[in-house]
Amino acid sequence: MTLHVFGDGHSKFLFERFKGAQIHWLGPVTMHRVGRDGLQSLVKDEVTLGPDDWAVFVFGEIDLRCHLLKVADEQGSPREKVIEDTASRYMAAISAFCQGHGVRNAVICGVVPPADPIWKNADYPVYGSLKERIAARRFFNKSLRSSSREHGMAFLSIPRRYETWQGGLKRYLSDGGLHIASDCTGAVCRQLAKVIGLALQFRGESPTTVLKRYLQRRFLKPDDPAVLWDLGKTLTPLE
């Protein structure tokens, strides 16, 4: 069984340490673009999925951070309606892609908890307060879960352990930016295994290294983005 993961940068950070995962990273692609243009127009590689393979689709964080609330406010539309419409078009595009590629087993990944980025990116300006984006994420994932069920697909909810009590991303479990750090995604692996009913292997570090990294992340410099970034880039190379 091969796990084919299609998505934005979170597809790589969340799943690259899963044994048997093949990452189809499409760049900073939004859920809106997938719904508008179709996923096939964005996938450049020849992709062949076997009958026992699974496809995981990871989009939406950029939409949540930069676009959905802004579009709603500019249009004077309810934010919930813009979110539902985006999720609906996206799911229709994913369904069409699965039918075209004979995908039998599909998982829609929920949107990761939002954060206020330390490194500013003029190309992707944040819109809305963190509190607003946390509330929007909850509704966003609720819409995706419901639509996944309607299309006969599984839904992967990001475990709550990555959230602060308010619902934002815990900084010390991040890459220093907006992604959950690759070496901290063991809980995502366990959650996905539960969702699809198959054993999955997470390629983590040794127990000693895991403990050392946890202490560095949690207690030494939990708010230093450079430290968190370096930790994520000094993992044991994957075979």
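Every number here is computed from the coordinates shown, using simple stated rules; none is lab data. Treat the numbers as computed from the prediction; the structure is a model and nothing was measured. For neighbour counting, all protein chains shown are included, and Cβ atoms are generated from backbone atoms with ideal geometry for every residue, glycine included.
Tell me, what is the FRET efficiency for residue 131 and residue 88 to the nearest 0.05, using R0 = 25 angstrom and their Cβ-Cβ distance as r? Given R0 = 25 Å and the Cβ-Cβ separation, E is 0.45. This model, with +1 at the C-beta of Lys and Arg and -1 at the C-beta of Asp and Glu, gives the chain a dipole about its Cα centre of some 760 debye. With a threshold of 26 Å on the Cα-Cα distance, the over-threshold entries among 44/194; 44/120; 19/120; 81/120; 142/170; 12/170 are 44/194; 44/120; 19/120; 81/120.
Mean projected area of the convex hull spanned by the Cα atoms of the chain, taken over all viewing directions: 12.8 nm².
Maximal additional length on extending the residue 70-residue 194 stretch stands at 41.1 nm, based on 0.36 nm per residue less the C-alpha distance. The H on the amide N of residue 174, modeled in the peptide plane, is under 5 Å from the matching H of 181, each at least 5 residues off or on a different chain.
Its residues counted as N, region 11-51 yields a C-alpha radius of gyration over 2.2 N^0.38 Å of 1.30. For residue 96 and residue 166, the FRET efficiency from 1/(1 + (r/R0)^6), where r spans their Cβ atoms and R0 equals 35 Å, is about 0.40. Among residues other than residue 128 with Cβ under 13 Å from its Cβ, the summed charge is +1 (Lys and Arg +1, Asp and Glu -1).
Result for the chain in a Gaussian network model with C-alpha springs under 10 Å: among 107, 47, 71, the largest mean-square fluctuation is at 47.
Our compactness index for region 1-90, the C-alpha radius of gyration over the empirical 2.2 N^0.38 Å, is 1.21.
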